[in-house]
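To keep things clear, I will list the structure first and then write my remarks on it.
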Amino acid sequence: MMNPQTGLVLEGGAMRGIFTAGVIDVMMENGIDFPVVTGVSAGAAFGCNYKSKQPGRVLRYNLKYCREPKYCSYRSLLKTGDMFGAEFCYHTIPDKLDPFDRAAFADNPMRFFVVCTDVETGKPHYQELTEVDDECLDWIRASASMPLVSRIVPLGGRQYLDGGVSDSIPLRFAEGLCPRNIVVLTQPRDYVKKPASLMFAFRRSLKKNNHNPEKLPF
């Protein structure tokens, strides 16, 4: 069942994305489909399973590997620069431990977009993913690369971090593709975002790496 006029937007939120995974699992199990899905951060990392038609996969691998230091730990952060281990999360799991269905992803006509933040401009970048290769996985990793606990991801001559920095709920972008959209949020209805307490550290980190923090959208 697909309504060609209605898209789906998936907010980020790190492990709050497990809530999103549950929502999309129920929709997949009930044959609910969308012509366009746009995911940010965890919404991108988990939402890609909608296009590959793999309900249950997100919960399965998170439950199995959440205590694995190579998956997510301060040890991984100190050793690799990424709290969520890039090699383990974006290659070992989808390639070997809990295979991502690349053929189903490519064959599904659903359009799938991820949102990243261009470190140089501070503006959002919307990338459509049509098939799963190393570059595709790097786009998903970039979308979910939270500042201070992730390395900047170079792609196409640009450098990217978490899409939630510049467009945490990309409804306006999605409305340019579908006039109506369902938005899956990971915060309570009355949530109001407060100023980031570690912003000084983020700005210092950007300056250290020869980037201009004044271009960031906050």
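For region 20-28, the condition of being in a helix (DSSP H, G or I), open to solvent by less than 20 Å² (accessible area, probe 1.4 Å), touching a residue at least 12 places away in the same chain (Cβ under 8 Å) and under 20 Å from D133 (Cβ atoms) holds for none of the residues. If I filter region 45-53 for residues that are open to solvent by less than 20 Å² (accessible area, probe 1.4 Å) and free of Cβ contacts under 8 Å to residues at least 40 places away in the same chain, do I get at least one hit? Yes, the conditions are met somewhere in region 45-53.
Considering (1) of a type outside the set (K, R); (2) buried (at least 18 other Cβ atoms within 10 Å of the Cβ); (3) touching a strand residue (DSSP E or B) at 6+ places or on another chain (Cβ under 8 Å); (4) on the phi < 0 side of the Ramachandran plot, the lone condition that C66 does not fulfil carries the number (2). Pairing each residue of region 143-156 that is in contact (Cβ under 8 Å) with a residue 24 or more places away in the chain and polar (S, T, N, Q) with any residue that is assigned to a loop (DSSP other than H, G, I, E, B) and open to solvent by less than 20 Å² (accessible area, probe 1.4 Å), provided the two are 6+ apart or on different chains, yields C-beta distances under 7 Å for S143/S41; S150/D82.
Residues in region 5-13: is at least one at pLDDT below 95 and over 15 Å from the mean Cα position of the chain (by Cα)?
Yes, that holds for at least one residue.
Considering (1) open to solvent by 10 Å² or more (accessible area, probe 1.4 Å); (2) more than 14 Å from V183 (Cβ to Cβ); (3) in contact with a Ser or Thr (Cβ under 6 Å, 6 or more places away or on another chain), the lone condition that E11 does not fulfil carries the number (2). Return yes or no: is T121 part of a strand (DSSP E or B) and farther than 12 Å from G39 by Cα? Considered against the rule, which asks whether it is part of a strand (DSSP E or B) and farther than 12 Å from G39 by Cα, T121 comes out as no. The set of residues in region 81-110 that are in contact with a helix residue (DSSP H, G or I) (Cβ under 7 Å, 6 or more places away or on another chain) and among the acidic types (D, E) comprises D82, D98. For region 148-166, filtering for residues that are part of a loop (DSSP other than H, G, I, E, B) and either of a type in the set (F, W, Y) or surrounded by fewer than 21 Cβ atoms within 10 Å (Cβ to Cβ) (or both) leaves 7.
The values are calculated or read from the model by the stated rules, or taken from the named source; none is laboratory data. Note that the structure is predicted; figures quoted are calculated from it, not measured. Quick reminder, even Gly has a Cβ in these numbers, built from the backbone with ideal geometry, and neighbours come from all protein chains shown. These area figures cover heavy atoms from the full protein model, side chains too; ligands, DNA and RNA do not enter into them. Shrake-Rupley method; radii C 1.70, N 1.55, O 1.52, S 1.80 Å.
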